[in-house]
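The values are calculated or read from the model by the stated rules, or taken from the named source; none is laboratory data. From a predicted model like this one, the values you see are computed outputs, not experimental measurements. Methodologically, a virtual Cβ is constructed for each residue, glycine included, from the backbone with ideal geometry; neighbour enumeration extends over all protein chains shown. Only protein heavy atoms, including side chains, enter the accessible area calculation; ligands, DNA and RNA are left aside. Shrake-Rupley method; radii C 1.70, N 1.55, O 1.52, S 1.80 Å.
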Amino acid sequence: MRVFVTGATGALGRHLVPGLVAKGHVVTATTRTPGKVALLREAGAEPVVVDGLDRTAVIAAVQAAAPEVIVHEMTALAGMRSFRNPDKLFASTNELRTRGTDNLLAAAAEAGTRRVIAQSYAGAGPDDRPGPLKTEERSAGLAAHPVGRASAGRDRACGDGGGPGTGGARAALRRLLRAGHR
């Protein structure tokens, strides 16, 4: 399967890429840092340097890769030292998770990508929904839900990584890692 992994040198992406390659997938992996291209190549991926906020560049990179699946792991969390000003600390990551996600979904639609799996975040705040703690079993059906239609009628799915959806996104990634080369 052709897989496009954004944020491929981050905390999750750096483990995901070798796992996908080991299972026989053809992986295109992105980073914002030109100095990390060699790491991606060593992991067996085709590296692409792209800023997730540059819509034109994201669309071009996805079209060139022609992936069946996009895995969105973009953040700007590297180098965090203090949580004293969380609004400032997470501003770039929040932009990647909003505008960057919009860019990936637009690219997926134009390239005919059938699935998008997106990392998300849930803070340590209270769960405003009453009831028992949300677990993978209780939320698995809510995560990998269609969020729109890509070209050729293919579904796009987005895992919501916090609360409902956490399990579904994890399950979707596990299925992707287990799937053999097709």
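I'd like the carbon and sulfur percentage of the solvent accessible area for region 29-120, probe radius 1.4 Å, heavy atoms only, ligands and nucleic acids excluded.
50
If R0 is 30 Å, what FRET efficiency do you get for F83 and Q63 from their C-beta distance, rounded to 0.05?
0.20
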